[in-house]
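Everything below concerns the one structure shown next.
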Amino acid sequence: MPQSPPAAGKVPGGAPKKASRPAPAETLSMNFAEPQAEGGETHQVAGGDVAVLTTAHGIQVADDQNSLKQGARGPTLLEDAHFREKLFHFDHERIPERVVHARGYGAHGYFELTESLSDVTRADVLQRVGERVPAFVRFSTVAGSKGSADLARDVRGFAVKLYTQEGNWDIVGNNIPVFFIQDAIKFPDLIHAAKPEPDRDFPQAQTAHDNFWDFISLTPESFHMVMWTMSDRAIPRSLRTMEGFGVHTFRLVNADGKSTFVKFHWKPKQGLQSVMWNEAVKINGADPDFHRRDLWDAINAGDFPEWELGVQLFDDAFADSFDFDVLDATKLIPEELVPVRIVGRLVLDRVVDNFFAETEQVAFMTQNVPPGIDFSNDPLLQGRNFSYLDTQIKRLGSTNFTHLPINAPKCPMAHFQQDGHMAMRNPKGRANYEPNSWGAAQGGPREDPVRGFNSFTQEADGSKQRVRSESFADHYSQARQFFTSQTPIEQKHIGDAIVFELSKVERPDIRSRTVSHLINIDATLAQTVADGLGLALPDPAKAARPTMMDLPTSDALSILKNGPDSFKGRKLGILMTDGADAVVFNALVKAVDKEGAVYEVVAPKIGGVTLSDGTAVPAKQKIDGGPSVLFDAIAVVASEEGAALLAMDAAAKDFVTDAFAHCKYIGLTAEAQALFEKAGIADDLDEACLPLATAKDARSFLTACRALRYWSRELTVDLDAQPDA
Ligand code: HDE
């Protein structure tokens, strides 16, 4: 029996209500999902009124379930304009993803100035303490496609758009302060090498493959950044626990035209934190959206992530005396040499309404700087200033991408640019050129030589040539400085990561060539990696400049030296069963709350558990879908019978063995011991595995969790860490 169409005007679940036609859409940001404004046509359904479904041209739709046919079983008719429009629009829903940084996640917030920089810049946004401007931030991974997993080992983009009163200022940075290459002309090669190999189109979102390491091992300038990407910086715990960096040297220019060099830093109030590689791999399977979910949840819970804006200011004299060239983006300026001055705060307090409209369509451009901010001659930055405009036209399809609400400035603007695809903001009046003689009423805007953007006047000379400055030639000294500044466990992670990556590289000569560079950075690291690969130590790569072995270490470069001192914003996973101790559970919940953290109950069934006092507690995760990699610490609060059941469950055993292997703090009731025994780790439990017998224990456990990880355990659970391995 063919299904008969519903009666005209009928909305499933509701009856039509007579009203007048909807008011015409007035704003571009109109929310089509909401009932029309007063006077619009609505239907009542469970929960209230909804708007009448229309075509994009405003014709009300009577039947959205069946296409128009010639007879019940006949062919579909071309005449069905609604059907044709619906499919046409669907077929065109995708726009090209970003060629790099395709996977990203954005949020709104504000920037507030906490210290005036009026002595060094005329930029309006950096003048008056306490003033706020709206901000939009998009975090991203670089190599993976839009649908790739969040915990890929990769650099994270940290792109900030500040809607200032003098136009949009985009600081399009990363979570790593240096870059792989020195000259923009190498960018396509770098990205081609990192992305999936062109014949097979894999691996996705990974640098662990031949092409990447082939390119890297032939590009010594990349080794400083490689040390960072092989460190835990490339697998952050959360977008909220990463630093951001403007990377390049920029200029601040004051009202007298005087320039001061500047490097921008974003320092997370949440402290730095990363996960372990084995954990990252498992998070990617358990929750590929781990980072975006974390940001979404935190903001919606009112736990607004915050960063401080820091600036390193320096002059020509410092630049001339520095061991490296401040125009070389493969180098940083240690904070010990030029301290980071905190001048503002960035708070993210609102998630997007629509991912596509905001996060996907946002167009960042390094060349967007207001008067008072300017560029240096960094050849990477110069190339970027060309690239970002170009890419928006390809991606967003029209020169009018600035008309999109997310890209439009939130300050007065007026110009004579016109027409083009999808022009939505069209000037009124007679004149569309200048100079003109149409006067104030019709003549349109005029330039302002004083308030307008004046580029910093810089002398330039030299012959036209394709060269790399000699001052860019030291490739290993800062790579070494980064490595020696790490704690031993962080150094171990770097070695492990390089061994992991190179073990996925098939060609032995590429592995060997990579190790030959490491010798110039740190002999022990090179030996560890060679051992890890089962490779004879090769000769060192020929260095353009010998490595400076005596650069002082810099604490700012370590994650562990810059961690938080609380469990705030972190998540406890509580594995529970029926009959779980109500006192312990309630005390845990209270302590979590007091710490400013969150928790999730993990249980054998999503329906939850019944506590020892008869209270029902719903579960957030069924054990199979809530592995311990999703949590910062775990507690197992089980009854004796419950623990015996969990001990038969592979997912429950993984829950505790993974948490143990990932050096997490573990709280357990005496009854839960059976699970740890069956999982084979009962005899290994250490001082970071704490008993949960009383309410006081629960509080002490949460206090212990502030350390986040018990790193010394790692040396006991990793074969690579054993001396004779
Ligand atoms: Fe980008 N980069 N990039 N990049 N980049 C893009 O612009 C480019 C570089 C960065 O969330 C593209 O809109 C060149 C350094 C971020 O939308 C493209 C070079 C740094 C984002 C582009 C670089 C970055 C991008 C792709 C070498 C850190 C994402 C889509 C000279 C300081 C922004 C787009 C967002 C995106 C070009 C190097 C950061 C193709 C040519 C160095 C955070 O224009």
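A few notes on this one:
Listed here are the residues, each with its yes/no results for (1) outside any strand (DSSP E or B); (2) of a type in the set (Lys, Arg); (3) buried (at least 18 other Cβ atoms within 10 Å of the Cβ).
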residue: PRO198; (1), (2), (3): yes, no, no
residue: GLU221; (1), (2), (3): yes, no, yes
residue: LEU252; (1), (2), (3): no, no, yes
residue: ALA298; (1), (2), (3): yes, no, yes
residue: TRP307; (1), (2), (3): no, no, yes
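- Pair list, Cβ < 7 Å and 6+ apart or interchain, from the stretch 181-196 residues that are at pLDDT below 95 to residues that are open to solvent by 20 Å² or more (accessible area, probe 1.4 Å) and not aromatic (Phe, Trp, Tyr): none
- Test: residue in the stretch 274-285 that is of a type in the set (Gly, Ala, Ser) and surrounded by fewer than 17 Cβ atoms within 10 Å (Cβ to Cβ): yes
- Scanning the stretch 100-108 for any residue that is over 30 Å from PHE187 (Cα atoms) and aliphatic (A, V, I, L, M) turns up nothing.
- Residue list for the stretch 347-370, filter: under 25 Å from ALA184 (Cα atoms) and either in a loop (DSSP other than H, G, I, E, B) or over 21 Å from the mean Cα position of the chain (by Cα) (or both): GLN361, VAL362, ALA363, PHE364, MET365, THR366, GLN367, ASN368, VAL369, PRO370
- In this entry, GLY244 passes the filter for residues that are buried (at least 23 other Cβ atoms within 10 Å of the Cβ), over 18 Å from PRO379 (Cα atoms) and within 16 Å of the ligand (Cβ to nearest atom).
- One residue stands out in the stretch 315-335 among those that are open to solvent by less than 20 Å² (accessible area, probe 1.4 Å) and charged (D, E, K, R): the one that is farthest from PHE245 (Cα to Cα), namely ASP328.
- Here PHE356 fulfils each of the conditions (1) more than 16 Å from the ligand (Cβ to nearest atom); (2) free of Cβ contacts under 8 Å to residues at least 60 places away in the same chain; (3) surrounded by fewer than 16 Cβ atoms within 10 Å (Cβ to Cβ); (4) at negative phi apart from (1).
- Looking only at residues of the stretch 367-397 that are open to solvent by 30 Å² or more (accessible area, probe 1.4 Å) and charged (D, E, K, R), we find that the one that is farthest from the ligand (Cβ to nearest atom) is LYS394.
- Count of the stretch 52-94 residues which are in contact with a helix residue (DSSP H, G or I) (Cβ under 6 Å, 6 or more places away or on another chain) and under 30 Å from ALA194 (Cβ atoms): 0
- Screening LEU518 against (1) outside any loop (DSSP other than H, G, I, E, B); (2) surrounded by fewer than 21 Cβ atoms within 10 Å (Cβ to Cβ) leaves a single unmet condition, (2).
- Failed condition for ALA107, given (1) within 16 Å of the ligand (Cβ to nearest atom); (2) in a loop (DSSP other than H, G, I, E, B): (2)
- On inspection, ASP448 fails the criterion of being within 11 Å of the ligand (Cβ to nearest atom) and either closer than 20 Å to GLY173 by Cα or not assigned by TED's automatic domain parsing to the domain that holds ASP256 (or both).
- Residue in the stretch 135-145 that is out of contact with any Asp or Glu (no Cβ under 9 Å at 6 or more places or on another chain), more than 8 Å from the ligand (Cβ to nearest atom), open to solvent by less than 10 Å² (accessible area, probe 1.4 Å) and not in a loop (DSSP other than H, G, I, E, B) present: yes
- Qualifying residue in the stretch 374-386 (condition: in a loop (DSSP other than H, G, I, E, B), touching a strand residue (DSSP E or B) at 6+ places or on another chain (Cβ under 8 Å) and not assigned by TED's automatic domain parsing to the domain that holds ASN300): no
- Among (1) surrounded by fewer than 16 Cβ atoms within 10 Å (Cβ to Cβ); (2) assigned by TED's automatic domain parsing to the domain that holds VAL636, the one test that PRO552 misses: (2)
- Applying the set (1) farther than 19 Å from ILE521 by Cα; (2) open to solvent by less than 20 Å² (accessible area, probe 1.4 Å); (3) not in a loop (DSSP other than H, G, I, E, B) to ALA208 leaves exactly one unmet item: (3).
- Residue list for the stretch 184-196, restricted to those being within 9 Å of the ligand (Cβ to nearest atom) and open to solvent by less than 40 Å² (accessible area, probe 1.4 Å): ALA184, LEU190, ILE191
- Members of the stretch 336-350 found to be under 23 Å from GLN270 (Cα atoms), surrounded by fewer than 19 Cβ atoms within 10 Å (Cβ to Cβ) and either modelled with pLDDT under 95 or in contact with a helix residue (DSSP H, G or I) (Cβ under 9 Å, 6 or more places away or on another chain) (or both), listed by number: GLU336, VAL340, VAL343, ASP349, ARG350
The values are calculated or read from the model by the stated rules, or taken from the named source; none is laboratory data. As the structure is a prediction and not an experimental result, all values here were calculated from the model. All Cβ positions, even for glycine, are placed from backbone atoms using ideal geometry, and neighbour counts span all protein chains on display. Side chains included, ligands, DNA and RNA excluded: accessible areas come from the protein's heavy atoms. Shrake-Rupley method; radii C 1.70, N 1.55, O 1.52, S 1.80 Å.
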